[in-house]
Each structure stands twice: as C-alpha cells, then as structure tokens.
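Peer 1: Attaching a single structure in structure tokens format; questions to follow.
The values are calculated or read from the model by the stated rules, or taken from the named source; none is laboratory data. Predicted, not measured: the structure shown is a model, and the values here were computed from it. Counting neighbours? That spans all protein chains shown, and the Cβs are built from the backbone with ideal geometry, glycine included.
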Amino acid sequence: MSTSFNAPDLSKLRQYSLFVGLGALVIFLIGLFRDHKLFHEAYVFAFTFWTGISVGSLALLMLQHLTGGGWGLVIRRILEAATRVLPLIAILFIPIVLGAHDLYPWTHQEHLEKLGDKANYLNLPFFSGRAIIYFAIWLGLAFLLNRWSLTQDRTGDGQYAKHMRVLSGPGMVLFVFTVTFASVDWYMSLEPEWFSTIYGFIFVASWSVTALAFVIAALALLSKTGPLKNIVAPLHFHDLGKLLLALVMLWAYFAYSQFLIIWSGNLPEEISWYTPRINGTWGALIVAVVLLHFAMPFLLLLSRGLKRDPHKLIIVAVLILVMRVIDLLWMLEPSFSGKTFHVSWMHPVGLIALGGLWLALFARELSRRPLIPVNDPQYPSVVEQAHATH
C-alpha cells in the first residue's frame, strides 16, 4: 500500500503536559524537604500508576500481534508510543531505590531478624539488580517491536509482521513473570512478613486494564478528526469494549480469589494484610472500588450499543482509570499508615507531576509516526471493514 498518513500534531498537548508536569514537580519536591518519608510514599504510588500504562501497553501490543484483528491495528501506534516512554519509567525508578530506607522495612537492620531466609532475597543490591533485569526485558521487547514496526512501515516487507508475532509469544510469558516478580519486589515487600501467590497476577491484570482504558480514551479522542476518523469504525470500539470487559472480569477474579482464599484460611500472618483495608475509610474505599471498578463497568459493557459508541465508551474508560487510582491507593497506602486513613497533598500532586512528564513524552512519541501502519498486511481488510460499517 502506498497510502500514507501524516503524524498527528500534538505539540499543544506536549507543551501543556510538560508545563503542568514541571510545575507540579517543583511543588512535589517541596514535600521531599518537608517530609521525605511521606514524599517517597506518594512517589511510589504515582510511579506505579504511570508505569502500569507503559508496561500494560507492552502486553497489549504483544497480544494484538499474536491475535491479529482490526482492533489491534487502529491502536498499535498508541501502544507503541506508550511503550517508548519506558526509558523515562526506568529513570523514574531511581528515586525508589534512593528512598528504599523510607519505604521498605527490610532495609532496616533491626528488621532482618524477623525475615529469616527472606533476608537473602530482600536486600538492596539484589533488589536493584532484579529491577535492572525487569527493565532490560521490557525495554528490549519494546525496542524490537517498535523497530520492526517502523521498518515494515518504510519498506512494506511483510516478514516483519511475522517477526513481531514470533517474538510476542515468549514475550507474553516474560511479561507475566517480570510483572509478577516486580510486584512482589516493589509492592508486596512493603509488608515483608505477608505473602500471597496471587498478588502478582493482580498486577498483571490491573496494569493491562489500566493501559487498555487509557488507549480507548486516547483512540476515542484521536478518531474525532484526522486520518483515524475515516479508519476507526464502531466495530473496532466494539472489539475494544469486549476486551475491556474481559480484563475487568480477569482483574476482579484475581482480586476476589486472593481475598477468598486468605479470608477462608483465616491465618493471622495472611489475614493481617486485609484487616486494616476492610475497616473504616479504607473499607468504604474498597466498596466503592467493587461497585465502580467492577459492578458498574461490567453491567455497562454488556451493552452492545455502548461498546460501539466512542462517546459512551470513553466515559467507562475514564471511570476505570479513576478507580485504578483509588484501588492503587487502597493497596499501597495502608502498608504505611495501617488502619488510619491518611492521604496527603503529595499524593495527587505526585500523580500530576509524573503524569505530566509521562504525557509530554507520550505525545512527542505519538507525533513522530503516522497513526496507522499502512504497510501492515491487515491494513486493506481494516479499511474495507471501516468503509462497510461507517
């Protein structure tokens, strides 16, 4: 195919995001000098949310290469741009290592005796080394998938589609393993005496659903004008809506399975994680998460008409993104504050600061390539479907 599309002009979004991000970052850094422990608590919360979009986008990118279909073609450039923000995510991880003493009890000498054999695993040099491995795998997968996609765009050689599909199989396995181990290292070890075999899978599902909700919102906005207006059809939103429903159900299944197994076992060393999280304000938050992150999206996404309407689907996507923030707060913050509900001004400011930087780089990367990979073998069939359904 010789048809080409110009890259989108996202200069205003990039400038506004960078301005807001840098402004919020200055305010956020004031908190570092006022209360460095609270700063690092807010930082790891904000870092986790934006990392979820980039790493989750990598999983969705590999999934669409494995499965094919028009839904994957129309969001590929958005996914690729999100994965190219991973170098920033790697840099943003450095403050977590530097602030490990404020975050992780196992960095304190007096706590090591309680850990027993876990102390061989939970130590800062090994912790940092494992993080380097995780980021190396994510960056390596993203680099190859982006490079081959760009080369296919330039040359029209269909062999690169096969390369991306072949890589995505083992890549998905690596994704599950690395996210599982990363979640254990970065988040479960906030309370090192506690453990759960399902905890990593919750992050696999939650980061994937976060990324998909963001991608749906981005696609709905981008398809209002430009080349995507004539390419993206209700059928594509319908497919994305079905995938969003599946991921919401998968996240709910993992989260409820963990709760059910631990609660029914009624072991003190396991149930201690839930005790502060189901009482008081934390308990009210998880009720809101159940209703607005699972029950409402589940019922709404059963509607065929809603899934095919981008104006309605984007509302569901934004709702899920908001509830992902609330759920992350519920999962992480009680590790520091216990039963006492405590959220400081640094939590939203940190989320905006890192988010502004993330969105600025995302907008820059998205504007570097055409929004549609026109030399992909699936492109003619996608155009035909779009013309048939518009």
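Peer 1: Residues of the range 327-363 being within 14 Å of the chain's Cα centre (by Cα) and among the hydrophobic types (A, V, I, L, M, F, W, C), which ones?
Peer 2: Correct list: L328, L351, L354, W358, L359, F362.
Peer 1: Here is a further query. Just to confirm my filter: which helices (runs of 4 or more DSSP H) fall fully inside the range 62-112 and include at least 2 residues that are in contact (Cβ under 8 Å) with a residue 60 or more places away in the chain and not β-branched (V, I, T)?
Peer 2: Fully inside the range 62-112 and qualifying: 70-83, 86-92, 100-103.
Peer 1: On to the next question. Quick check on L29: is it touching a residue at least 24 places away in the same chain (Cβ under 8 Å) and either surrounded by fewer than 22 Cβ atoms within 10 Å (Cβ to Cβ) or not in a helix (DSSP H, G or I) (or both)?
Peer 2: It is false that L29 is touching a residue at least 24 places away in the same chain (Cβ under 8 Å) and either surrounded by fewer than 22 Cβ atoms within 10 Å (Cβ to Cβ) or not in a helix (DSSP H, G or I) (or both).
Peer 1: Does the range 233-255 contain any residue that is under 22 Å from L190 (Cα atoms), free of Cβ contacts under 8 Å to residues at least 40 places away in the same chain and within 21 Å of the chain's Cα centre (by Cα)?
Peer 2: No; the residues of the range 233-255 include none that is under 22 Å from L190 (Cα atoms), free of Cβ contacts under 8 Å to residues at least 40 places away in the same chain and within 21 Å of the chain's Cα centre (by Cα).
Peer 1: Determine, yes or no, whether F362 is among the aromatic types (F, W, Y), more than 24 Å from L58 (Cβ to Cβ) and either buried (at least 20 other Cβ atoms within 10 Å of the Cβ) or touching a residue at least 12 places away in the same chain (Cβ under 8 Å) (or both).
Peer 2: Numbers: among the aromatic types (F, W, Y): yes; more than 24 Å from L58 (Cβ to Cβ): no; either buried (at least 20 other Cβ atoms within 10 Å of the Cβ) or touching a residue at least 12 places away in the same chain (Cβ under 8 Å) (or both): yes.
Considered against the rule, which asks whether it is among the aromatic types (F, W, Y), more than 24 Å from L58 (Cβ to Cβ) and either buried (at least 20 other Cβ atoms within 10 Å of the Cβ) or touching a residue at least 12 places away in the same chain (Cβ under 8 Å) (or both), F362 comes out as no.
Peer 1: Separate question: Are any of the residues in the range 270-280 part of a helix (DSSP H, G or I), over 18 Å from L328 (Cα atoms) and either among the aliphatic types (A, V, I, L, M) or touching a residue at least 24 places away in the same chain (Cβ under 8 Å) (or both)?
Peer 2: Filtering the range 270-280 down to residues part of a helix (DSSP H, G or I) leaves 270-271, 275-277, 280.
Now restrict to residues that are over 18 Å from L328 (Cα atoms): 270-271.
Filter once more, keeping what is either among the aliphatic types (A, V, I, L, M) or touching a residue at least 24 places away in the same chain (Cβ under 8 Å) (or both): 270-271.
Yes; the residues of the range 270-280 include at least one that is part of a helix (DSSP H, G or I), over 18 Å from L328 (Cα atoms) and either among the aliphatic types (A, V, I, L, M) or touching a residue at least 24 places away in the same chain (Cβ under 8 Å) (or both).
Peer 1: Also, quick follow-up: Hey, L240 hits all of (1) in contact with a Phe, Trp or Tyr (Cβ under 9 Å, 6 or more places away or on another chain); (2) part of a helix (DSSP H, G or I); (3) modelled with pLDDT under 95 but one; which does it fall short on?
Peer 2: (3)
Peer 1: Continuing with this model, one more query. Run down W148, W138 and say which single residue is touching a residue at least 60 places away in the same chain (Cβ under 8 Å) and either assigned to a helix (DSSP H, G or I) or within 30 Å of L313 (Cα to Cα) (or both).
Peer 2: After ruling out the rest, the residue left standing is W138.
Peer 1: Next up: Report yes if R308 is within 27 Å of S223 (Cα to Cα), basic (K, R) and buried (at least 18 other Cβ atoms within 10 Å of the Cβ), otherwise no.
Peer 2: On the way: within 27 Å of S223 (Cα to Cα): yes; basic (K, R): yes; buried (at least 18 other Cβ atoms within 10 Å of the Cβ): yes.
It is true that R308 is within 27 Å of S223 (Cα to Cα), basic (K, R) and buried (at least 18 other Cβ atoms within 10 Å of the Cβ).
Rundown of residues vs (1) at pLDDT below 95; (2) out of contact with any strand residue (DSSP E or B) (no Cβ under 9 Å at 6 or more places or on another chain); (3) surrounded by 15 or more Cβ atoms within 10 Å (Cβ to Cβ), yes/no style:
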site	(1), (2), (3)
A100	no, yes, yes
Y104	no, yes, yes
I132	no, yes, no
A142	no, yes, yes
L150	yes, yes, yes
Y160	yes, yes, yes
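Peer 1: Take the residues of the range 177-219 that are among the aromatic types (F, W, Y) and in a helix (DSSP H, G or I): which is surrounded by the most Cβ atoms within 10 Å (Cβ to Cβ)?
Peer 2: W207
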